[in-house]
Structures are given as C-alpha cells and as structure tokens.
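First the structure, in the form of structure tokens, and then the observations on it.
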Amino acid sequence: LEEPPKGVRFILCCDNSASMLETIRSRATVYSLINENQSDEIDEQVQSLAVGFTDLLVGSNEYEFMSRSMVFDKDKELFKKVLGKMQILFRDALAVKNGAQMLSGEKDCAYKLASSLSTNNLLNLIGKVDELADSINKNANLNLLLTRFSSVLRQATRG
C-alpha cells in the first residue's frame, strides 16, 4: 500500500472508514456509497443523539449517559459527528449567554445548557470535546474513549 507498482490500484472496502488505521486512510481516497436519503437519516440521528447527550449532561443520571454512549460501540464516525454537533450546541449555549447568534437551530437545548451551566463549564466542555475528537483521529481505543467521554464531560459540567 505504501509504494505500489506503477499503474496498480488497490480497492479497500469496509462498512466504516474509521475502522481502518489512520495511516491507511491518509494514503487512500475515500468514497462513500451512502445515498442522500441515508445521509439525511444520519444527520437526523446525529442531531438527536447530540441533543440527547447534552440533556443528560445537565441532568443527574450518570448511568443513563454511560449506557446511551454504547450506541457508538462500533461506530467511531458516528461518535465523531455527534461530538462535532455537541460542540456546536455548547457554542450556542455560550452565544445565548452573551447575546450572539446561534448556529444549530436547537434553541431549547441552547437555553437549557446556558441556564444550567456557567461560561467556564461550557468552555471546558468545548475543550473536552476537542480532545475526544482528536483522540478519535489518533485511532484511540473506542471502548476506553467512550468511558472517557462520560467521565470528562460529566466532570466538566461540575466544575
């Protein structure tokens, strides 16, 4: 794969490109066979999961947060997308606190986060989400990452 003979092309197939090592993905051109309808369904799923996790963060049910995170058990790409959407929701909560424009359109979620969490909590959450997304890019162990997901985000909401 690193230096194929001239004119040779490899076709690698997988259900989820995140399951391949980053060193392989960096040398490949990724083509997705998801049609537009599937893409819309995935976007809706990502939005729903992100809003659900942010709601759980301001609640007190830690077990529910951890058990729901198992939806990502075999899907790093979905996890990464949800983290990105959560980051936008946290940013929107900061915007609500400071009178700026929101990006997500999830007004209720942003107001709930803004009223429940301090500016420092929200900034910490954004930083933690960045760290988690970076760990995904570095091909971290998914099970350990999901445990960390629950732990660091819950801690960030507490102080």
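The values are calculated or read from the model by the stated rules, or taken from the named source; none is laboratory data. This is a predicted model, so every value here is computed, not measured. Here Cβ is always computed from backbone atoms with ideal geometry, including for glycine, and neighbour counts include all displayed protein chains. Remember, those area values only see protein heavy atoms, side chains included, never the ligands or the DNA or RNA. Shrake-Rupley method; radii C 1.70, N 1.55, O 1.52, S 1.80 Å.
Peptides 148-156, 83-91, 2-10, ordered by how many other C-beta atoms sit within 10 Å of their residues on average, highest first, read 83-91, 148-156, 2-10. 3J(HN,Hα) couplings calculated from phi for the range 132-145 with the Karplus curve 6.51 cos²θ - 1.76 cosθ + 1.60 (θ = phi - 60°) are, in sequence order, 5, 5, 5, 5, 4, 4, 8, 6, 5, 4, 5, 4, 5, 5 Hz; Gly and Pro show x.
Couplings 3J(HN,Hα) for the range 67-74, derived from phi with the Karplus relation 6.51 cos²θ - 1.76 cosθ + 1.60 (θ = phi - 60°), are 5, 5, 5, 5, 4, 8, 3, 10 Hz, where x marks Gly and Pro. For the range 32-159, what class follows from the C-alpha gyration tensor (a ≥ b ≥ c being the square roots of its eigenvalues): rounded when a/c is under 1.5, otherwise prolate if a/b is larger than b/c, else oblate? Here the range 32-159 falls in the oblate category.
A straight Cα-to-Cα reach below 16 Å connects residue 81 with the lysines 128, 138, residues fewer than 8 places away in its own chain not being considered. Protein heavy-atom surface of the chain, 1.4 angstrom probe: 49% of the accessible area is carbon and sulfur, with nucleic acids and ligands not counted.
Electrostatic tally near residue 117: other residues with Cβ closer than 14 Å to its Cβ, Lys and Arg +1, Asp and Glu -1, net +4. The figure for residue 130 is an accessible area of roughly 80 square angstrom, using a 1.4 Å probe on the protein chains alone.
Does the range 47-88 come out rounded, prolate or oblate by the C-alpha gyration tensor, with a ≥ b ≥ c the root eigenvalues, rounded set by a/c under 1.5 and, if not, prolate when a/b is larger than b/c and oblate if not? The shape class here is oblate. Just tell me which aspartates and glutamates come within less than 13 Å, Cα to Cα, of residue 80; anything on the same chain fewer than 8 places away is out. Within the straight-line cut-off, residue 80 pairs with 43, 130, 131, 134. Placing +1 on the Cβ of every Lys and Arg and -1 on the Cβ of every Asp and Glu, with no other charges, gives the range 59-156 a dipole of roughly 80 debye about its Cα centre.
Whole number in Å², please: accessible area per residue of the chain, 1.4 Å probe, ligands, DNA and RNA not counted. If you can, show how the numbers build up before the last one.
Details: 9950 Å² over 159 residues.
I get 63 Å² per residue for the chain.
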